[in-house]
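Notes for the one structure printed next.
The values are calculated or read from the model by the stated rules, or taken from the named source; none is laboratory data. Just so you know, these numbers come straight off a predicted model, no measurement behind them. Glycine gets a Cβ as well: all are built from the backbone with ideal geometry, and neighbour counts include every protein chain shown. For the accessible areas, the whole protein counts, side chains as well, though only heavy atoms, and no ligand, DNA or RNA atoms are used. Shrake-Rupley method; radii C 1.70, N 1.55, O 1.52, S 1.80 Å.
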Amino acid sequence: MYDLIVIGGGPAGTSAAIHAAQGGARVLLLERGKFPRQKVCGEFVSAESLGLLRYLLGPRSQHLLCGAVSIPQVRVFLDGRILRAKIDPPAASIARFDLDAALWSSAQHAGVDAQQAVTAHGVAGTGPFRLATSTGEFEGRALVNASGRWSKLNTLPASGGGREKWLGLKAHFAEPFPEASVDLYFLDEGYCGVQPVSLQDGHSDRGRVNVCAMVRADSATKLPEVLALHPALRERSHSWQLIGEPISTSPLIFQPPQPAKDNVLMAGDAAGFVDPFVGDGISLALRSGRLAARSLAPYFAGTACLDQSVHEYRREYEESLLPVFRTSSWIRQALRLPRMVRRPVLSVLEKSPVLTRQLVRSTR
Ligand SMILES: Cc1cc2nc3c(=O)[nH]c(=O)nc-3n(C[C@H](O)[C@H](O)[C@H](O)COP(=O)(O)OP(=O)(O)OC[C@H]3O[C@@H](n4cnc5c(N)ncnc54)[C@H](O)[C@@H]3O)c2cc1C
């Protein structure tokens, strides 16, 4: 019997597992894939979570943060205009290929029983829990579901997420000396983000950019199609050379966050998927994982029952993490206003860097 079983070895799962193990809990962490692996992601890590990330990575993986490309600026390419805003303090660009593997290794060093290539199939009980997996059954006093946006364990709404099907597409390209900026190219149906990134083994790189798009499936299904949809992006990408294989993910579904279900704590994307363009998904995953472990600590110590810990998690989640979802969905709706309405707003923002900066800050 483990104190805690965590399903999913991404940022949310590793954060929950490391924090719980450091608090003395006996933790099992299960991941269906194998690290290192590529992941569809803009690889923009917001400054708010860099301290937490530093803590989780521990002294052995600090080089990941020291070697990360700093991103002190955002440029928004929309309706033929370019809005610029400072990102202060700067964000970091860290390849998920390196980041997720380093977090996994930190979990192992924290004493977590971390098992890769194990898929969780189904849960029985509401505490304690029995978990059926591809390698057998495990029992735990508490369960954190950090299996991401798209897992058999996370039930989708009956409609399958509504009429619109959104895809995520990503690849790294060679671009000589890219500017230290996260560039967001907004399309009629989605956006494409471009930012410099370096890989741990990429010492010979002269310049590499991560290109990551979220688009409606009926407007494009491959990255070259996305690059052709925006005039400035088309021009910029003309000389790019693909590094490695492009990857994709679908469907991207937006629904109100659900921090707990049947006494299972949901962390990261499993609880709720935030609009990727705000660049806060990794941060929310790390923070919700920590919150889950902290909420469960009194239960492990025998000073609270599981119901109380779940209640506390839900309350803290709604108080500290929910505002990001609200702001991002408000901005998403504003971006979808007709061009005629958007234009005067953009014109004001273009002339007022202070306002633009406030808008960027409001997503934090
Ligand atoms: C197009 C796009 C761009 C994005 N850009 C950014 C960005 O620039 N910055 C940012 O902060 N966020 C970004 N995000 C969001 C970010 O990628 C996620 O929010 C983040 O990965 C969430 O972490 P997680 O740990 O919750 O889930 P994940 O990282 O998805 O990890 C979940 C893990 O669970 C495993 N798993 C799933 N099912 C099972 C199972 N049954 N058994 C065992 N293991 C299982 C998976 O293999 C996976 O490794 C972007 C997302 C998209 C789609």
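Details
- Every pair of residues 6+ apart whose Cβ atoms lie under 9 Å, when the first sits in the stretch 1-21 and is among the aromatic types (Phe, Trp, Tyr) while the second is open to solvent by less than 10 Å² (accessible area, probe 1.4 Å): 2/27; 2/28; 2/140; 2/142
- Residues of the stretch 261-272 that are near the ligand (Cβ under 7 Å from one of its atoms) and either part of a loop (DSSP other than H, G, I, E, B) or acidic (Asp, Glu) (or both): 267, 269.
- Selection status of residue 234, over 24 Å from the mean Cα position of the chain (by Cα) and either among the hydroxyl-bearing types (Ser, Thr, Tyr) or not in a helix (DSSP H, G or I) (or both): no
- Residue match in the stretch 114-128 (condition: more than 15 Å from the ligand (Cβ to nearest atom), assigned to a loop (DSSP other than H, G, I, E, B) and of a type in the set (A, V, I, L, M, F, W, C)): no
- The one condition in (1) of a type in the set (Phe, Trp, Tyr); (2) outside any loop (DSSP other than H, G, I, E, B); (3) open to solvent by 40 Å² or more (accessible area, probe 1.4 Å) that residue 150 fails to fulfil: (2)
- Of all residues in the stretch 280-314 being in contact with an Asp or Glu (Cβ under 9 Å, 6 or more places away or on another chain) and under 27 Å from residue 170 (Cβ atoms), the one that is farthest from the ligand (Cβ to nearest atom): 287
- Of all the criteria given as (1) away from the ligand (no atom under 11 Å from the Cβ); (2) at pLDDT below 95, the one not satisfied by residue 48 is (1).
- From the list 241, 258, the one residue that fits, being surrounded by fewer than 17 Cβ atoms within 10 Å (Cβ to Cβ) and within 15 Å of the ligand (Cβ to nearest atom), is 258.
- Scanning the stretch 153-172 turns up one or more residues that are within 30 Å of residue 250 (Cβ to Cβ), within 11 Å of the ligand (Cβ to nearest atom) and in a loop (DSSP other than H, G, I, E, B).
- Counted residues, the stretch 288-311 - those being charged (D, E, K, R) and over 23 Å from residue 10 (Cα atoms): 1
- Residue pairs whose Cβ atoms lie under 8 Å apart, separated by 6 or more positions or on different chains, with the first residue in the stretch 187-198 and farther than 9 Å from residue 42 by Cα and open to solvent by less than 10 Å² (accessible area, probe 1.4 Å) and the second among the charged types (D, E, K, R) and within 13 Å of the ligand (Cβ to nearest atom), are 197/43.
Conditions tested, residue by residue: (1) away from the ligand (no atom under 16 Å from the Cβ); (2) in contact with a Ser or Thr (Cβ under 8 Å, 6 or more places away or on another chain); (3) part of a strand (DSSP E or B).
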residue	(1), (2), (3)
24	yes, no, no
28	no, no, yes
40	no, yes, no
53	no, no, no
64	no, no, no
99	no, no, no
102	no, yes, no
